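See below for the structure under consideration.
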Amino acid sequence: MNRLDGKVALISGAARGIGGETAQLMAQAGAKVVVGDVLDDRGRQTVAAITAGGAQAEYIHLDVTREDSWVAAVDLALSRFGKLDILVNNAGVFIGKGIEEISLEEWNKLVAVNMTGVFLGTRMAAPALREAAKSSEHGSAIVNLASIAGIVGSQLDPLYSMTKGGVTLFTKSTALEFGRKGYRIRVNSIHPGVIQTDMGEQTFVARAQRSGTNDTAQIRQTVTETVPWGRLGVAMDIAKGIVFLASDDASYMNGAGLVVDGGATAM
Ligand SMILES: NC(=O)c1ccc[n+]([C@@H]2O[C@H](COP(=O)([O-])OP(=O)(O)OC[C@H]3O[C@@H](n4cnc5c(N)ncnc54)[C@H](O)[C@@H]3O)[C@@H](O)[C@H]2O)c1
C-alpha cells in the first residue's frame, strides 16, 4: 500500500513542515522528489536528509507566485528524473488577522501564495503530468493543500479561509476540466486540522493575541481540548494522507477532499 516506486514528485513549500515531511515520506515510498521552496538553506537540508537515506531528491528555489520559477522546477524534474507523475501544491501562508485588521498588502500576499501559486503550479505542471499519464496505468496525480478552513469558516483568519475555500473548489473544477480533456490526471485536496508546524504555531500566537494573552501554551491546551481525538495533528498525519492520494491506491479518487483533523469538523 501507498508505494510510489518509479514515480517522480514535485512538492512546493517542501523545505519544512507538512511539505518537508511529505518529501521524506514520498522518498521512503520509492519516489524521486523535487523539493521547491523559498527557504533555500532549509530546503537543501531536507534534500540532504533524503539523499542520506539513499533516495534521490533535488532542491530548487521555487517561488510559487512566479511563472518562471515553476517553469524551472518542472524543467528540473524532467531533466534530472525524466518525467513528472505527482504535483503537491503545498506552499501556503497564514496571516492570522481579522477582516478589519488585515492590510491590502497582506491580503495580496495571501492570494498570491495560497491561490495564484496553486493555479500556476497546476497550469505549468499539467503538460508534464499529462505526458507521464500516457504510460501509467492509473495516470498522474495532483494533491492540493487546502484546510478545514476551506470547508468551514474561520473566525481567526477569514481571509485565509477564503483562499482555502478557493483551493477546495479549484481542486474539483480542475478534476472536471482535466477529465473532460482526457488528461488522466487525478486532482484531490487534503484538509488538515491544526497541525504542529511553524504555521500551526502562528495560529496559536494569533489566537493568544486575540485573547489578549501571551500564554500560547494555555491556548494550545484549549485548542487540543476541542479535538475529539484528543491531540493536535503532526506533519506526518498529513504526509500519510498526501502519499495515499498521490499513490495508485487512490486510483478512483478524483475531485475529492480528504479531511485529516482528528474529528474537529465532525461536529
Ligand atoms: N499547520 C496547519 O495547522 C495547517 C492546517 C491546514 C492547512 N495547512 C496548509 O498546509 C500547507 C503547509 O503548511 P505547514 O503547516 O507545513 O506550514 P509551514 O509554514 O511550516 O510551511 C509552509 C512552507 O511554504 C513555504 N512558502 C511560503 N511562501 C512560499 C512561496 N511564495 N513559494 C514557495 N514556498 C513558499 C514556506 O517557506 C514553508 O516552507 C499550507 O498550504 C497550509 O496552509 C496547514
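Some notes on this structure:
- Residues of the stretch 228-267 classified as of a type in the set (A, V, I, L, M, F, W, C), under 17 Å from Val8 (Cα atoms) and open to solvent by less than 50 Å² (accessible area, probe 1.4 Å), total: 6
- Condition met for Ile99 (touching a Leu at 6+ places or on another chain (Cβ under 8 Å), open to solvent by 30 Å² or more (accessible area, probe 1.4 Å) and more than 24 Å from Arg16 (Cβ to Cβ)): yes
- Residue within the stretch 119-135 that is open to solvent by 20 Å² or more (accessible area, probe 1.4 Å), of a type in the set (S, T, N, Q) and in contact (Cβ under 8 Å) with a residue 12 or more places away in the chain present: no
- Residues in the stretch 145-179 that are farther than 26 Å from Ser103 by Cα and of a type outside the set (A, V, I, L, M) were compared, and the one that is farthest from the ligand (Cβ to nearest atom) is Gly179.
The values are calculated or read from the model by the stated rules, or taken from the named source; none is laboratory data. What you are looking at is a predicted structure, and each value in this text was computed from that prediction instead of being measured. Neighbour counts run over all protein chains shown; Cβ positions are idealised from the backbone, glycine included. When the accessible area is computed, the model is the full protein with side chains, heavy atoms only, and any ligands, DNA or RNA have been set aside. Shrake-Rupley method; radii C 1.70, N 1.55, O 1.52, S 1.80 Å.
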